[in-house]
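Here is the structure we will look at.
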Amino acid sequence: MRLCDQDIEKWLKRKGLIIKPYPKKEFIHGVTVDIHLGNKFRFFNNYKRSYIDLSTSNVNIELSLKDAMSNEIAFSKEKPLFLQPGSLVLSSTFESITIPDNLVGWLDGRSSLARLGLMIHATAHRIDPGWKGNIVLEIFNAGKLTLALYPKIKIAALSFEALNQAVLRPYNIRNKAKYKSQNGVIPSRIDLE
């Protein structure tokens, strides 16, 4: 069952679901909570290699990814991020989200931005039970025009689905959870095992 606005407010008030900073009432609509863009991003450098081999050891992949990704770069209202057509960057949500072990979150782009060609996740839109931290966004400009992005713009919406019981292995207690308490723009940590 998806939570409606009244349910979301109840979960937030009793701190079963935590969104920091606490969302204003006008950010909670129907079945979603507006989520805002953080102020840092990472882009893909001109690669030193022509491809990343996903079938090799994790060490080789991580070295390839270090070559491929920039360090975190801050942007601001005065110095926006200009996202060129066909470009992919990683950024994160301004909000930090904590999801209990009996809810699952779903991240969706905003229709008004999608109509300009802006996609905010490649495929990763499920936020697991037990998640805590900023959500990394895979932002892609599929449009024809350069898009200027600013910190704290409404970039996405989160919805939540109640589970009939708590999961046995929430994200925050898994041994191999790669993005526990994620803060900022964390690049891929591929696990092929």
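What follows is calculated from the coordinates using simple rules that are stated; it is not laboratory data. Keep in mind that this is a model prediction, so the values were computed, not measured. Counting neighbours? That spans all protein chains shown, and the Cβs are built from the backbone with ideal geometry, glycine included.
³J(HN,Hα) across segment 27-44 via Karplus (A = 6.51, B = -1.76, C = 1.60, θ = phi - 60°), whole Hz, x for Gly/Pro?
So the Karplus estimates, Gly and Pro as x, are 8, 9, 10, x, 10, 9, 10, 5, 10, 10, 6, x, 10, 10, 8, 10, 10, 8 Hz.
How do Trp131, Trp106, Trp11 line up, fewest other C-beta atoms within 10 Å first?
Trp106, Trp11, Trp131
Taking neighbour counts of Cβ atoms within 10 Å as a proxy for exposure, in what order, fewest first, do Tyr150, Tyr22, Tyr171 appear?
In increasing order of surrounding Cβ atoms, one gets Tyr22, Tyr150, Tyr171.
Give the Cα extents of segment 65-167 along the principal axes, in whole Å, largest first.
45, 32, 26
How high is the FRET efficiency between Tyr22 and Gln84 when r is their beta carbon distance and R₀ equals 45 Å, given to the nearest 0.05?
Calculated transfer efficiency: 0.80.
With r defined as the distance between the Cβ atoms of Ala74 and Thr123 and R0 fixed at 30 Å, what FRET efficiency is calculated, to the nearest 0.05?
E between Ala74 and Thr123, to the nearest 0.05, is 0.65.
Please sort by residue number the GluC sites (Glu not before Pro) in segment 77-153 whose DSSP state is loop and whose Cβ has at most 16 other Cβ atoms within 10 Å.
Glu78
Which FRET efficiency value, to the nearest 0.05, do you get for Ser111 and Phe44 by plugging their Cβ-Cβ distance into 1/(1 + (r/R0)^6) with R0 = 22 Å?
0.25
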